[in-house]
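*Asks:* First, the structure itself, so that you have it in front of you.
The values are calculated or read from the model by the stated rules, or taken from the named source; none is laboratory data. Note that the structure is predicted; figures quoted are calculated from it, not measured. As a convention, Cβ positions derive from the backbone with ideal geometry for all residues, glycine included, and neighbour counts pool all protein chains shown.
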């Protein structure tokens, strides 16, 4: 089975696996500046903030969710409804195998399908792997919000990237 | 406290009197009291008056997100600016 064939929409029953993958990033990395350990309840609430136009997708291997990606609302203001923010997280023992790239490319495809115009990604400047994946998938650096985060005892610079979607 | 976003609006009839600058200065003073480290301002790229105001208040450009908004039949670029305040985390 190729990676592409194992991508699908997330189901409510995937939330525990999504939570576990996210919790690792929360507790150990600056991939997210979340510092509160997520619970199945909090991730279920997050899951319900997504819909047809703001999908959550998962990468599945041998029946196990090994990564997930989402397009979330960028702003509740209606003038921003054509913009979404992308998130991609991979289980630690499945990183470095192209799953993040596959999920990101699928999010771009979904964004095009639902008529989004821009995908924004916020990535810590020190997170070289995620920055490389985003750039490889056509995201361009907008700029850096210097020291706008704080985690593990230090300020974190956050890069803002964007991918314009060709809706033609 | 680490990062907050500032917003300033002035009534049409009271513009060009320094009220926006005074509000921005008051916001910065409050942010310093509250020990914020970064203030972010997001300004539509065509809004030259607001951009001039926040730059004059010391905000530095952090980048422009192209076509991130859509209003009145036009795509809108958004400038992200930031003011870094000299505070210590937890201090």
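*Asks:* Does residue A:88 satisfy the criteria of being more than 14 Å from every other protein chain (Cβ to nearest Cβ) and assigned to a strand (DSSP E or B)?
*Replies:* Details: more than 14 Å from every other protein chain (Cβ to nearest Cβ): yes; assigned to a strand (DSSP E or B): yes.
The answer is yes for residue A:88.
*Asks:* Check off (1) under 16 Å from residue A:129 (Cβ atoms); (2) surrounded by fewer than 17 Cβ atoms within 10 Å (Cβ to Cβ); (3) in contact with a strand residue (DSSP E or B) (Cβ under 9 Å, 6 or more places away or on another chain) for residue A:92 and give me the number that stays unchecked.
*Replies:* Answer for residue A:92: the failing condition is (3).
Condition check ((1) outside any helix (DSSP H, G or I); (2) farther than 24 Å from residue A:16 by Cβ; (3) at pLDDT 95 or above; (4) within 14 Å of chain B (Cβ to nearest Cβ)) across all residues:
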residue	(1), (2), (3), (4)
A:44	no, no, yes, no
A:57	yes, no, yes, no
A:65	yes, no, yes, no
A:97	yes, no, no, no
A:129	no, yes, yes, no
A:133	no, yes, yes, no
A:138	yes, yes, yes, yes
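*Asks:* Continuing with this model, one more query. Which condition number in (1) facing chain A (nearest Cβ under 9 Å); (2) modelled with pLDDT under 95 is the one that residue B:88 fails?
*Replies:* (1) is the only condition that residue B:88 fails.
*Asks:* As an exercise: evaluate residue B:34 against (1) more than 14 Å from chain A (Cβ to nearest Cβ); (2) surrounded by fewer than 17 Cβ atoms within 10 Å (Cβ to Cβ); (3) modelled with pLDDT of 95 or more and give the number of the one condition it does not meet.
*Replies:* (3)
*Asks:* Condition first: under 21 Å from residue A:159 (Cβ atoms), free of Cβ contacts under 8 Å to residues at least 12 places away in the same chain and in contact with a helix residue (DSSP H, G or I) (Cβ under 9 Å, 6 or more places away or on another chain). Can you find one or more residues in region B:59-71 that meet it? Working first, answer last.
*Replies:* So in region B:59-71, the residues under 21 Å from residue A:159 (Cβ atoms) come out as B:59-69.
With the extra rule that they be free of Cβ contacts under 8 Å to residues at least 12 places away in the same chain, the set shrinks to B:66-68.
Now drop any that are not in contact with a helix residue (DSSP H, G or I) (Cβ under 9 Å, 6 or more places away or on another chain), which leaves B:68.
Yes; the residues of region B:59-71 include at least one that is under 21 Å from residue A:159 (Cβ atoms), free of Cβ contacts under 8 Å to residues at least 12 places away in the same chain and in contact with a helix residue (DSSP H, G or I) (Cβ under 9 Å, 6 or more places away or on another chain).
*Asks:* Could you give me the residue pairs with C-beta distances under 8 Å whose first residue belongs to region A:20-41 and is farther than 19 Å from residue A:121 by Cα, whose second residue is in a loop (DSSP other than H, G, I, E, B) wherever it lies, and which are 6+ apart or on separate chains?
*Replies:* From residues that are farther than 19 Å from residue A:121 by Cα, the pairs are A:20/A:91; A:23/A:37; A:23/A:38; A:24/A:91; A:27/A:37.
*Asks:* Among the candidates B:40, B:65, B:27, which residue alone is away from every other protein chain (no Cβ under 14 Å) and surrounded by 12 or more Cβ atoms within 10 Å (Cβ to Cβ)?
*Replies:* Values: B:40 fails: away from every other protein chain (no Cβ under 14 Å); B:65 fails: away from every other protein chain (no Cβ under 14 Å).
One residue alone meets the criteria, B:27.
*Asks:* I would also like to ask the following. State yes or no: is residue A:111 assigned to a helix (DSSP H, G or I) and either surrounded by 19 or more Cβ atoms within 10 Å (Cβ to Cβ) or in contact with a helix residue (DSSP H, G or I) (Cβ under 7 Å, 6 or more places away or on another chain) (or both)?
*Replies:* On the way: assigned to a helix (DSSP H, G or I): yes; either surrounded by 19 or more Cβ atoms within 10 Å (Cβ to Cβ) or in contact with a helix residue (DSSP H, G or I) (Cβ under 7 Å, 6 or more places away or on another chain) (or both): yes.
Yes: the conditions hold for residue A:111.
*Asks:* While we're looking at this one, here's another question. State all residues of region B:1-24 that are assigned to a loop (DSSP other than H, G, I, E, B) and more than 14 Å from chain A (Cβ to nearest Cβ); if no residue qualifies, say none.
*Replies:* B:8, B:9, B:10, B:11, B:15, B:16, B:17, B:18
*Asks:* Looking at (1) under 18 Å from residue B:68 (Cβ atoms); (2) within 14 Å of chain B (Cβ to nearest Cβ), find the lone condition where residue A:112 falls short.
*Replies:* Exception for residue A:112: condition (2).
*Asks:* Does residue A:148 fit the bill of being assigned to a loop (DSSP other than H, G, I, E, B), more than 13 Å from the chain's Cα centre (by Cα), at negative phi and within 14 Å of chain B (Cβ to nearest Cβ)? Steps first, please.
*Replies:* On the way: assigned to a loop (DSSP other than H, G, I, E, B): no; more than 13 Å from the chain's Cα centre (by Cα): yes; at negative phi: yes; within 14 Å of chain B (Cβ to nearest Cβ): yes.
So residue A:148 does not fit the description; no.
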